[in-house]
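**Student:** Before we start, here is the structure in question, set down as structure tokens.
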Amino acid sequence: MTQAWDAAVAQTGTAVTATNLPYNGTVPAGGSVTFGFNASWAGSNPPPTALGCG
């Protein structure tokens, strides 16, 4: 993870967690929030074994 916006990110090894910021922590009914990130990788890039959002 090299850059993120609209989320606080923390990385431990290969795991990255994105959490809300003070201004987007409460989403009204019918509302939505988005966040974005840039990342880079060096070395081989095999297909992922699992993807998940939580």
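**Student:** Taking the stretch 19-35 as the region of interest, how many residues are exposed (fewer than 10 other Cβ atoms within 10 Å of the Cβ), outside any helix (DSSP H, G or I) and within 18 Å of the chain's Cα centre (by Cα)?
**Tutor:** 4
**Student:** Out of curiosity, is Thr12 surrounded by 10 or more Cβ atoms within 10 Å (Cβ to Cβ) and β-branched (Val, Ile, Thr)?
**Tutor:** no
**Student:** Based on what the data block shows, is Gly13 free of Cβ contacts under 8 Å to residues at least 24 places away in the same chain and on the phi > 0 side of the Ramachandran plot?
**Tutor:** So Gly13 fits the description; yes.
**Student:** Give the stretch 29-44 a look and list any residue that's of a type outside the set (Val, Ile, Thr) and either under 21 Å from Ala8 (Cβ atoms) or touching a Pro at 6+ places or on another chain (Cβ under 6 Å) (or both), or say none.
**Tutor:** Result: Gly31, Ser32, Phe35, Gly36, Phe37, Asn38, Ala39, Ser40.
Quick note: the coordinates plus some simple rules give every number you see, no bench work behind them. Because the structure is a prediction, the values reported are computed rather than measured. Neighbour counts are summed over all protein chains in view; Cβ atoms, including those assigned to glycine, are modelled from backbone coordinates with ideal geometry.
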